[in-house]
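Data first, discussion second: the structure below is written as structure tokens.
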Amino acid sequence: MSDVKDDTINDEPMPLLDHLIELRRRLLWSVVTFGLCFLLCYHYAQDLYLFLAKPLGDIMRQKGEQPHLIYTALYEAFFTYIKVAFFGATFMSFPMIAIQAWIFIAPGLYRSEKRAFAPFLVATPLLFLLGAALAYYFVFPFAWSFFLSFQTGNGGDGLQIELQAKVSEYLALVMRLILAFGISFELPVVLTLLARVGIVTSRQLRKFRRYAVVGAFVAAAILTPPDIITQTGLAIPLIVLYEISIISARMVEPKHLAENTPD
């Protein structure tokens, strides 16, 4: 009984206008943080781009080539750096944006709900970074090496096929893969949260395991380029994360739902 009494909402009644003012304050903090991070990232945009291009440059050096990227429009490099700054600012400002969202939402939650949601707030950025790191440090080197293997030297007729990568196209591909891996790694967070609120159970997740395996390869085919390296590099972690989600769902799901869910 004491636990029920202690599980209260620490929220004071507020008029709608006050809620809107509080929302504006949280949005202002988020926008200002993002703006400052954007300016900082734009100042170091070239360094950030070189960091993103490093896996390609390393593979080129291993093949005895001079690393280089090109741009064919006068404004292409400028807008590429803008995109790099926006991409970096999103990463840097996310913790502050998440904190502001939590400050706005938390007063309306019970203490038990706060304790339940807190781990998800921590796990979300960590899993995203883990997915991005997997793409950058593992998938990129293998994928870029595979793509560069289609270059040819001078043949008997002097014909040569070589890569002339554009800065904007390379950045678009890198951002697409990093976002794909990062978002896909949020699968345990989503499924565990759904289990926590009773929408799904671990028994249901085990039942649909075979469909999840097929879905992992379908999602990888949609989110990555049409090559077996990047697709397999995303599909296999997704399958592993699904299995982890089953375990975590069993740990947090309401016991009465787990026992009453039919096989």
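The values are calculated or read from the model by the stated rules, or taken from the named source; none is laboratory data. Computed from a predicted model, the values in this text were never measured in an experiment. Virtual Cβ from ideal backbone geometry, glycine too; neighbours counted across all protein chains shown.
Numbers for the structure displayed
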{"read-out": "Options LYS63, LYS83: the member that is exposed (fewer than 14 other Cβ atoms within 10 Å of the Cβ) and in contact (Cβ under 8 Å) with a residue 24 or more places away in the chain", "value": "LYS63"}
{"read-out": "Some residue of the range 41-55 being part of a loop (DSSP other than H, G, I, E, B), within 26 Å of the chain's Cα centre (by Cα) and over 18 Å from PHE94 (Cα atoms)", "value": "yes"}
{"read-out": "Pair list, Cβ < 7 Å and 6+ apart or interchain, from the range 110-138 residues that are in a helix (DSSP H, G or I) to residues that are loosely packed, with under 14 Cβ neighbours inside 10 Å", "value": "ARG111/ASP6; ARG111/ASP7; ARG111/THR8; SER112/ASP7; PRO125/PRO95"}
{"read-out": "Subset of the range 195-209 that is buried (at least 17 other Cβ atoms within 10 Å of the Cβ) and out of contact with any Ser or Thr (no Cβ under 8 Å at 6 or more places or on another chain) - its residue that is modelled with the lowest pLDDT", "value": "ARG196"}
{"read-out": "Residues satisfying the stated conditions in the range 66-79, i.e. aromatic (Phe, Trp, Tyr), surrounded by fewer than 14 Cβ atoms within 10 Å (Cβ to Cβ) and either touching an Asp or Glu at 6+ places or on another chain (Cβ under 9 Å) or part of a loop (DSSP other than H, G, I, E, B) (or both)", "value": "TYR75"}
{"read-out": "Subset tally (residues that are modelled with pLDDT of 90 or more and either assigned to a loop (DSSP other than H, G, I, E, B) or more than 21 Å from PRO226 (Cα to Cα) (or both)) for the range 155-188", "value": "4"}
{"read-out": "Some residue of the range 110-117 being touching a strand residue (DSSP E or B) at 6+ places or on another chain (Cβ under 7 Å) and surrounded by fewer than 19 Cβ atoms within 10 Å (Cβ to Cβ)", "value": "yes"}
